[in-house]
Amino acid sequence: MYAIVRDLPSSFVNCVTSVDNNNDPINMDLARKQHDDYVDVIKQHVKHVIHVPADEAHPDCCFVEDTAIVVGDRVIINHLGAESRRKEVSGIENALKEIPVIKSIVRMHEIDPKATLDGGDVLYTGKHLLVGLSHRTNQSGADVLVKTFSDKCPVHVIKSLLTHDSLHFKCIISMLNDNTLLITDHEAGQQVMDEIKSFTGDHYTFIKVPEQVPSNILSLDGGNFIIYQKGFPESEKVIIEELKNKRGVEVKTLCMSELIKADGALTCCSILI
Ligand code: CIR
């Protein structure tokens, strides 16, 4: 397995964010420490970690998940929804070229210049590719994924997130393994869950997590090990009971408070291949 991660630039404090950080600005030293801790855990579980240097011109460049979609040996380089982030992709495209298993890399905007898509809106479970439309990901972006990957696995477009104010699809959902998903236990989560069930029937078991931030976990080792966000005791209870106690998953908690201030989640700081 490979992982791609990217360092935080000093310009990270100028990231795109919906969070009002005026009273509690991003602490860069702490943000770097939190990101380093995250990368250290990934290194313990993934054999090949490609570490891309930070790009000062792109404050959000550590959020590598948004830049590319990988299914098997095929990659789409995304055309990101936020214009200020679009040129982040070149450093990641170069990193992907180093990975022997990857045979084809195509750029979304060369397929359809109207298409926009962030990787935070795409969940590849190993069985299905689920694409959530959002303010960053438009129908044309989703259509490019349908065209590109439908011969590899079913691609389903989820529309209900658009009526809520979540930044990305994966702000409310993430995967444990190829038949178990975690989802936020509120209205947006319920609607998304109903839509996924309408496409996939009973394939997935859904574990409902009371708060939004901790519904985004990072699953490694085929779902036998997860990282979850520290500081959400109600959700932690569910994670410990449902994942650790019932399913025997090894769990590790990390505090990513400074990345949350940038609207970051756990999955967004790596691409796993
Ligand atoms: C942004 O607004 O684009 C970044 N500040 C945060 C992106 C987080 N990406 C993700 O969760 N996939």
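When only C-alpha pairs under 8 Å and at least 6 residues apart count, what is the relative contact order of the range 163-254, in percent?
Over the range 163-254, the number comes to 26 percent.
What is the chain's relative contact order, in percent, from Cα pairs under 8 angstrom and six or more apart in sequence?
Relative contact order of the chain: 20 percent.
Of the beta bridges DSSP finds with both residues in the range 1-106, what % are antiparallel, to the nearest 5?
35 percent
Distance between Cα centroids, the range 158-210 to the range 213-228: provide it in whole Å.
Between the Cα centres of the range 158-210 and the range 213-228 lies a distance of 15 Å.
Read phi for every residue in the range 53-60 and hand back ³J(HN,Hα) as whole Hz from Karplus 6.51 cos²θ - 1.76 cosθ + 1.60, θ = phi - 60°, with x for Gly and Pro.
Rounded to whole hertz, the list is x, 5, 10, 4, 6, 10, x, 9.
Would you be so kind as to identify which of I105, V209, I92 lies farthest towards the positive end of the dipole of the chain, taking Lys and Arg as +1 and Asp and Glu as -1 on Cβ and the Cα centre as origin?
I105
Is it possible to state the helix-based mean residue ellipticity at 222 nm for the chain, with each DSSP H run of 4+ residues giving -39500 (n - 2.57), the sum divided by total residues, to the nearest 500 deg cm²/dmol? What is it?
The helix-only estimate for the chain comes to -7000 deg cm²/dmol at 222 nm.
Rg and Dmax of the chain, Cα atoms, in Å?
17.2, 49
Which percent of the accessible area of the range 104-251 is formed by carbon and sulfur heavy atoms (probe 1.4 angstrom)?
So the carbon and sulfur contribution to the accessible surface is 48 percent.
Mind putting a number on the dipole of the chain about its Cα centre? Charges go on the C-beta only, +1 for Lys and Arg and -1 for Asp and Glu, and I need it in Debye to the nearest 20.
680 debye
Can you tell me which of 129-139, 227-237 comes out highest on packing, and rank the rest after it, using the mean Cβ neighbours within 10 Å?
Sorting 129-139, 227-237 by mean packing, highest first, produces 129-139, 227-237.
Suppose all protein chains stay in the model; what accessible area per residue would a 1.4 Å probe give for the chain, in Å²?
Here the residues of the chain average 43 Å² of exposed surface.
Of all DSSP beta bridges in the chain, what percent run antiparallel (nearest 5)?
Bridges in the chain that DSSP calls antiparallel: roughly 40 percent.
Test of understanding: in a Gaussian network model of the chain with alpha carbons linked when under 10 Å, which of D221, D60, D185 would top the mean-square fluctuation ranking?
Comparing D221, D60, D185 in a Gaussian network model of the chain, the most mobile one is D221.
Find the relative contact order for the range 1-59 and round it to a whole percent, using C-alpha pairs within less than 8 Å whose residues are 6+ positions apart.
For the range 1-59, the relative contact order is 69 percent.
Only bridges with both residues in the range 125-191 count here: give the DSSP antiparallel percent, nearest 5.
Antiparallel bridges make up about 50 percent of those DSSP assigns within the range 125-191.
Report, in debye and to the nearest 20, how large the dipole of the range 81-177 comes out about its Cα centre when Lys and Arg carry +1 and Asp and Glu carry -1 on their Cβ.
120 debye
The values are calculated or read from the model by the stated rules, or taken from the named source; none is laboratory data. Since the model is a prediction, treat every value here as computed from it, not as a measurement. FYI the Cβ positions are ideal-geometry reconstructions off the backbone, even for glycines, and counts take in every protein chain you see. The protein model used for the area step is the full one, side chains on, heavy atoms only, and it has no ligands, DNA or RNA in it. Shrake-Rupley method; radii C 1.70, N 1.55, O 1.52, S 1.80 Å.
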